Amino acid sequence: MWELFVSKRYLLARQKERFISLTSFISILGITLGVAALLVVIGVMSGFDEELQNKIMGMNAHMVILTERPVQNLSDENVIAAADFVNGQAIISRDKETSGVLLRGIDPLKENKVTDIEKYLKSGTLPAANEGVIIGSELAKRLNVTIGDKVSFLSLALKKSLEVRVCGIFTSGMYEYDANIVITGLKTGQEILGMGEAISGVSLKLKDPLKAEQVKNELQKKLGFPYWVRTWMDMNRNLFSALRLEKLVMFLILTLIILVACFNIASTLIMTVIEKTRDIGVLKSIGASNAGIMKVFVLEGILMGVTGAVSGGAIGLWLARLLGKYPLVRFFGLEEIYYFDRLPVKIETQDFAMVMVMAVVISLLATLYPAFRAARLSPIEALRHE
């Protein structure tokens, strides 16, 4: 391909065209920085997304069936385990400190098969079916309680306060959970909420939590009224929608860096066309076609785009690995806010491929006008004054 040979020579301009060579380098550098920044930001946001999903699914079931009575004959190949629970609002107090909380009553033996609540226990044990309570670490600080202390509960259904001993403190890694959730045994929860023998629903653990929506539709159709099936995605839909929107906005903003770099490619190629007018005239006079001339400048632009994308991809992967390996969060004193010392970084294959392809495609589009302009040059006009 003589076109590729010529485009390489034009890209690596020599003495008289050093300015064009410098602008080519700046264009490549712009694409490199844009691709690297985009990969790192998308990787960090995907990492946060996954970390958040893990924490939500650790404290909550993959799916719940809301009902006041136990579900009979719950058999489904996608369901691994099930556990009854009660949920409700209550007031917790100790001495003069009072706080509104979400009270969750569980069967500790079954709950271990559905959620990872025991894994989050900082100290102590899970409550028994009819005694004990575990509270979040942030709530424990607010109430100034430790294991063995007694706290009082009050609810709309409870005529007088009920004292329960704190048997454990958990840290989930999410402030909202650690500051507002209290977990007690099933019978204790039913007594505080005045539910008698009724339950709030059944928690389910699935083989594949990402297929929750499909399993939900099947179960809802199978169970019918008055059962209401909800997935972990339904219960956190606003949060995950906000994260997806934020990720999209950051993608579009950082894409502008690559877009600006590709405008530099277009300006560089236009300058190259002006500088190489005589060369184009000579090539056409010895038989080069318009398509061949156009291909020379398209290939030059693509070479710049590919070089920038590949180098940016390598730098982006290296930076992402660096962020995930070293405790930069601790260095900036953000560990207590985010509950981890390293940034969660996850660069997915489809994200990496999309960024690389996008950089090359935008570079290709930036070459079309300069290449078309070069192809239209008349050899007679190009060599008139030579």
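Rule-based calculations on the coordinates, nothing more; no lab input. These numbers were taken from a predicted model, which means no experiment stands behind them. A quick note on method: Cβ atoms are made from the backbone with ideal geometry, for glycine too, and the neighbour counts reach across all protein chains shown.
Here is how the numbers come out for the structure above:
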| quantity | calculated |
| --- | --- |
| Cut-off under 5 Å, modelled amide H: who pairs with K346 long-range | V44, S46, G47 |
| Beta bridge orientation in the range 79-206: antiparallel %, DSSP, nearest 5 | 75 percent |
| Contact order normalised by residue count of the chain, Cα under 8 Å, 6+ apart, percent | 28 percent |
| Between 0 and 90°, nearest 10: helix 237-275 axis offset from the chain longest Cα axis | 10 degrees |
| Spin-label model distance (nm) - S75 vs E218, 7 Å beyond Cα toward Cβ | 1.5 nm |
| Acute angle (nearest 10 degrees) that the helix 349-375 long axis makes with the longest principal axis of the chain, alpha-carbon atoms | 20 degrees |
| Helix-derived mean residue ellipticity, 222 nm - over the chain, DSSP H n ≥ 4, -39500 (n - 2.57), to 500 | -18500 deg cm²/dmol |
| Packing rank of 37-43, 220-226, where each peptide gets the mean count of other beta carbons within 10 Å, highest leading | 37-43, 220-226 |
| L156 versus T349: modelled label distance in nm, points set 7 Å from Cα along the beta carbon direction | 5.2 nm |
| Among the listed pairs K205/K247; K113/K216; K187/K221, those beyond 24 Å (Cα-Cα) | K205/K247; K187/K221 |
| Relative pair counts by distance (%), Cα atoms of the range 79-206, 10 Å bins | 14, 49, 32, 5, 0 |
